[in-house]
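Engineer: Dumping the structure here so I can ask a few things about it.
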Amino acid sequence: MSNQGEWQALMSELDAWADAGRIAHFWWRDDDAVSDTPALRRMLALSNSFDVPLGVAVIPARVEKSLAPAVRGISGIEVLLHGYAHANHEPEGAKKAEIGANRSVSDSLEDLRSGWQILSECFDRQALPILVPPWNRIHPDIAASLPTVLGLPSAGLSTFKPRSTANVGGNVRIANTHCDPIDWKGMKSQPAGSAFLGTEASLAQIVGHLQAKRRGTVDANEPTGILTH
């Protein structure tokens, strides 16, 4: 069980919001879903138990038949477009990206069209036209084109770190995530299942974004996003 003192900074920050007559808004995004697993079931149960909506980012090209029945029709669970195949197209040594600068825009757009068709067929109205780019990176020329690519009047985009604008143009709304509790850098050197960044470090990411919003150094209207996998 986490030491209660680790949570004090968050409680104090939420008190500061309350003292200012403001409400801190949060949202939850989970990436890399492809199949029905015990971990997925636990996550869905948590979402239901605490009545917390959840955006499940699904990889279209890798989705298995077991996933749709596991999430279909569950209240508060929405399916997001997690790129196409979660494949890296950047050169060795560069930061990974599927929808990045090293690939033609036309090829990336075609993948997104195909991916959206797959999700629409598998999840029907539970699929939302919100793109979650693999590795949270996207070519700037693609972002504003999302509604056209998906054949819809508007679309959403979600990456990581505070947004610089709420709308990139072309009727594309942005809502990013700000806390990732996985220790990606240390994962390779740690035993399986021990890649948690830690309660204190994870909460510090949340508190940091809340403080920045309250002080007006980032968009105060962007909900604080928690990113899991």
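The values are calculated or read from the model by the stated rules, or taken from the named source; none is laboratory data. All of these numbers come straight from a predicted model, not from anything done at the bench. All Cβ positions, even for glycine, are placed from backbone atoms using ideal geometry, and neighbour counts span all protein chains on display. For accessibility, only protein heavy atoms count, side chains too; no ligands or nucleic acids. Shrake-Rupley method; radii C 1.70, N 1.55, O 1.52, S 1.80 Å.
Engineer: Out of the residues in region 146-173 that are modelled with pLDDT under 90 and over 24 Å from residue 226 (Cα atoms), state the one that is surrounded by the fewest Cβ atoms within 10 Å (Cβ to Cβ).
Structural biologist: 169
Engineer: Another question about this same structure. Is one or more of the residues making up region 195-210 under 19 Å from residue 24 (Cβ atoms), in a loop (DSSP other than H, G, I, E, B), of a type outside the set (Asp, Glu) and in contact with a helix residue (DSSP H, G or I) (Cβ under 9 Å, 6 or more places away or on another chain)?
Structural biologist: Scanning region 195-210, I find no residue that is under 19 Å from residue 24 (Cβ atoms), in a loop (DSSP other than H, G, I, E, B), of a type outside the set (Asp, Glu) and in contact with a helix residue (DSSP H, G or I) (Cβ under 9 Å, 6 or more places away or on another chain), so the answer is no.
Engineer: Determine, yes or no, whether residue 177 is closer than 30 Å to residue 69 by Cβ, hydroxyl-bearing (Ser, Thr, Tyr) and in contact with a helix residue (DSSP H, G or I) (Cβ under 6 Å, 6 or more places away or on another chain). Can you show your working first?
Structural biologist: Details: closer than 30 Å to residue 69 by Cβ: yes; hydroxyl-bearing (Ser, Thr, Tyr): yes; in contact with a helix residue (DSSP H, G or I) (Cβ under 6 Å, 6 or more places away or on another chain): no.
In short, no.
Engineer: Then there is this: Of everything in region 68-96, what is open to solvent by less than 40 Å² (accessible area, probe 1.4 Å), touching a Phe, Trp or Tyr at 6+ places or on another chain (Cβ under 8 Å) and either among the polar types (S, T, N, Q) or in a helix (DSSP H, G or I) (or both)? Give them in sequence order.
Structural biologist: Matches in region 68-96: 68, 71.
Engineer: Considering only region 97-118, state which residues are more than 28 Å from residue 27 (Cα to Cα) and surrounded by 13 or more Cβ atoms within 10 Å (Cβ to Cβ).
Structural biologist: Residues satisfying the conditions are 101, 103, 105, 110.
Engineer: Separate question: Inside region 123-134, can you point out the residues that are in a helix (DSSP H, G or I) and surrounded by 19 or more Cβ atoms within 10 Å (Cβ to Cβ)?
Structural biologist: 123, 134, listed by residue number.
Listed here are the residues, each with its yes/no results for (1) within 30 Å of residue 103 (Cα to Cα); (2) open to solvent by 70 Å² or more (accessible area, probe 1.4 Å); (3) not in a helix (DSSP H, G or I).
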site: 6; (1), (2), (3): no, no, no
site: 18; (1), (2), (3): no, no, no
site: 27; (1), (2), (3): no, no, yes
site: 32; (1), (2), (3): yes, no, yes
site: 46; (1), (2), (3): no, yes, no
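Engineer: When residues of region 135-192 are filtered for being closer than 26 Å to residue 217 by Cα and part of a loop (DSSP other than H, G, I, E, B), how many remain?
Structural biologist: Going through region 135-192 one residue at a time, the tally reaches 20.
Engineer: Further question: Identify the residue in region 56-67 that is in contact (Cβ under 8 Å) with a residue 12 or more places away in the chain and open to solvent by 10 Å² or more (accessible area, probe 1.4 Å) and, among all such residues, is farthest from residue 117 (Cα to Cα).
Structural biologist: The qualifying residue farthest from residue 117 (Cα to Cα) is 66.
Engineer: Please verify whether region 179-192 includes one or more residues that are hydroxyl-bearing (Ser, Thr, Tyr) and buried (at least 20 other Cβ atoms within 10 Å of the Cβ).
Structural biologist: There is no residue in region 179-192 that is hydroxyl-bearing (Ser, Thr, Tyr) and buried (at least 20 other Cβ atoms within 10 Å of the Cβ).
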